[in-house]
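The values are calculated or read from the model by the stated rules, or taken from the named source; none is laboratory data. Fair warning: this is a prediction, and the values are worked out from it, not measured in the lab. Don't worry about glycine lacking a Cβ; one is built from the backbone with ideal geometry, like all the others, and counts go over all protein chains shown. Protein only, heavy atoms only, side chains kept; ligands, DNA and RNA dropped before computing areas. Shrake-Rupley method; radii C 1.70, N 1.55, O 1.52, S 1.80 Å.
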Amino acid sequence: TQVGRVRADGPRGLLLRAEGRVFAAGADVADFKGMRESEARAMFTDYMRIMHDIENLDVPTVAAVQGMCLGGGLEVALACDLIVAQEATMFGQVESMLGAATFLGGVYRLAERCGTARALEITYTGTLYTADVFKSWGIVSQVFGEKDFDAQAMAVAASLAHGPTAAHRVTKQVLRKAKVDGVRQADELLLQISPALLETKDLQSATECMLSIGSRAFMADPSVVEFQGA
């Protein structure tokens, strides 16, 4: 997939965005007319691989959403670590309006961010919600105005990409482990992989900087450290 090629390039972050006025207006329902179960399973299996490819990236990922973000488009955005939205964006998990389920796991990916009851409400009703409402529920991280939206979304992704990506990689790996195998197994993995961070240039240079200027000055302006991702 395209995501596989991105991984091969060794990125430090990913910004997922769509051209045009909308991020995703949902599926073309004409594709579903007369579709057989076997065809649907093959199609959704391919799409789910893309979801997993995004989620398995070990670098910070940000979805920049504008206009409409419905159905499968919302599910793809939920595969990213963070969602930032233009303030006029409308969100909806609208599959129930067609008698369908969230074929790419939208309901449980929503539940991870906003809780089970809220995810069921969003999915059962097919209601459209504003970006501010989704932000208040913890689904969207930041909301920006239309002016300079692309630049502001890029700034969010760039700030994460310029951070300690070796540490971010550990964070994402242990979080995935906890989700799949539970906290105790995540603890074991954390003990295996996190001590190596003590030998990275990032941690050692940040420690040296904090000791030289003092913790208060360091916390006030952490940008004094230029992380290398190593």
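With R₀ fixed at 35 Å, the C-beta to C-beta distance from C114 to K33 puts the FRET efficiency at about 0.60. Surface composition of the chain: carbon and sulfur make up 56 percent of the accessible area, probe 1.4 Å. Straight-line cross-link partners of K177 among the aspartates and glutamates, defined as a Cα under 20 Å from its Cα and at least 8 positions apart when in the same chain: D53, E55, D58, D81, E112, D187, E188. Approximating the spin labels as points 7 Å out from Cα along Cα→Cβ, the S159-to-S194 distance works out to 2.4 nm. Helix 201-213 versus the longest principal axis of the chain: what is the Cα-based angle in degrees, 0 to 90, to the nearest 10? Tilt relative to the chain: about 60 degrees. Note on K172: lysines with a C-alpha under 29 Å away, same-chain residues under 8 apart excluded, are K135, K201. Shown here for region 1-60: trypsin sites (Lys or Arg not before Pro) in loop regions (DSSP other than H, G, I, E, B) with at most 12 other Cβ atoms within 10 Å, namely R21, K33, R36.
In order along region 74-84, phi translates into HN-Hα couplings of 5, 5, 5, 4, 5, 6, 7, 5, 10, 10, 10 Hz, rounded to whole numbers, per the Karplus curve 6.51 cos²θ - 1.76 cosθ + 1.60 with θ = phi - 60° and x for Gly and Pro.
The value given for the chain is a Kirkwood hydrodynamic radius of 19.4 Å, derived from the mean inverse Cα-Cα separation. Helical content of the chain, expressed as a calculated mean residue ellipticity at 222 nm, amounts to -15500 deg cm²/dmol (DSSP H runs of 4 or more residues, -39,500 (n - 2.57) each, divided by residue number, nearest 500).
For region 125-227, the solvent-accessible area with a 1.4 angstrom probe is 64 square angstrom per residue.
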